[in-house]
């Protein structure tokens, strides 16, 4: 099976503290990968490193995306290649509306071929698809949003930007059981519509795994990936290492 993302012997520090140690991981094209582990094991750090967060210093190792070395590339270049990160704690952006952000982000990633009217229609449809009404398009990004609303807006960005690889860092946190079920349903529908989309899902919730039915399960312990395995054929219950 072809790898879309290949991480080899990666060691990373932040503020002179080692957070990832000699980590190797293959993310396969078109598959759903689940990443689990206790709080502080390095999952969110790995997500940030993959997106090119400048606070993380890569000490050794490499990251290849679609056979291209992106180890030291900036986040904007990674986004143009097709990487996307739904952050665990999305930041507020005062003075920038949701529709302005998504319009400019889409054009930065995909170009200006699509008309503004068509793009705005897509943004409104995506908001409604995740259960947010059209008025959210004019609100400032994440300003006054509940935790659940922030996570729904992250899914809106995923729907609009259409990346090749989406890294979802606890996209289900802040939601109740019904909300998590809705997010899982959206992701399953998206995978059916775009079978080539690859997902790396970081979660603590059993029911999300049961509904998403990932192809591969990975467990992170103290900055390392312990032996990974394919999901059981029964696709029944997934044990989360927390």
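The values are calculated or read from the model by the stated rules, or taken from the named source; none is laboratory data. Quantities reported herein were computed from a predicted structural model and do not represent experimental measurements. In this analysis, Cβ positions are derived from the backbone assuming ideal geometry, glycine residues included, and neighbour counts consider all displayed protein chains.
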If you go through segment 19-42, how many residues are out of contact with any helix residue (DSSP H, G or I) (no Cβ under 9 Å at 6 or more places or on another chain), surrounded by 19 or more Cβ atoms within 10 Å (Cβ to Cβ), at pLDDT 95 or above and under 17 Å from residue 221 (Cβ atoms)?
-> 1
Scanning segment 210-223 residue by residue, the ones that are out of contact with any helix residue (DSSP H, G or I) (no Cβ under 7 Å at 6 or more places or on another chain), surrounded by fewer than 18 Cβ atoms within 10 Å (Cβ to Cβ) and outside any loop (DSSP other than H, G, I, E, B) total 2
Go through segment 50-101 and count every residue that is in contact with a strand residue (DSSP E or B) (Cβ under 7 Å, 6 or more places away or on another chain), part of a loop (DSSP other than H, G, I, E, B) and surrounded by 18 or more Cβ atoms within 10 Å (Cβ to Cβ).
-> 4
Would it be correct to say that residue 5 is touching a helix residue (DSSP H, G or I) at 6+ places or on another chain (Cβ under 8 Å), under 28 Å from residue 205 (Cα atoms), surrounded by 17 or more Cβ atoms within 10 Å (Cβ to Cβ) and free of Cβ contacts under 8 Å to residues at least 60 places away in the same chain?
-> no
Is segment 138-145 home to any residue that is surrounded by fewer than 13 Cβ atoms within 10 Å (Cβ to Cβ), farther than 14 Å from residue 158 by Cβ, modelled with pLDDT of 95 or more and touching a helix residue (DSSP H, G or I) at 6+ places or on another chain (Cβ under 9 Å)?
-> yes
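Quickly run through segment 17-49 and pick out the residues that are in contact with a strand residue (DSSP E or B) (Cβ under 8 Å, 6 or more places away or on another chain), outside any strand (DSSP E or B) and touching a residue at least 60 places away in the same chain (Cβ under 8 Å).
Selection gives 29, 30, 31, 37, 38, 41, 42, 43, 44, 45, 46, 47.
Could you say whether any residue in segment 10-27 is under 20 Å from residue 203 (Cβ atoms) and under 14 Å from the mean Cα position of the chain (by Cα)? Break it down into steps so the answer makes sense when it comes.
Step one: filter segment 10-27 for residues under 20 Å from residue 203 (Cβ atoms), giving 19-20, 23, 25-27.
From what is left, the residues that are under 14 Å from the mean Cα position of the chain (by Cα) are 27.
The answer is yes; a qualifying residue exists.
Name every residue in segment 102-113 that is loosely packed, with under 13 Cβ neighbours inside 10 Å and assigned to a helix (DSSP H, G or I), in order of residue number. Lay out the reasoning, then the answer.
Start the filter on segment 102-113 by keeping residues that are loosely packed, with under 13 Cβ neighbours inside 10 Å, which leaves 104, 111-113.
Hit for segment 102-113 is 104, nothing else.
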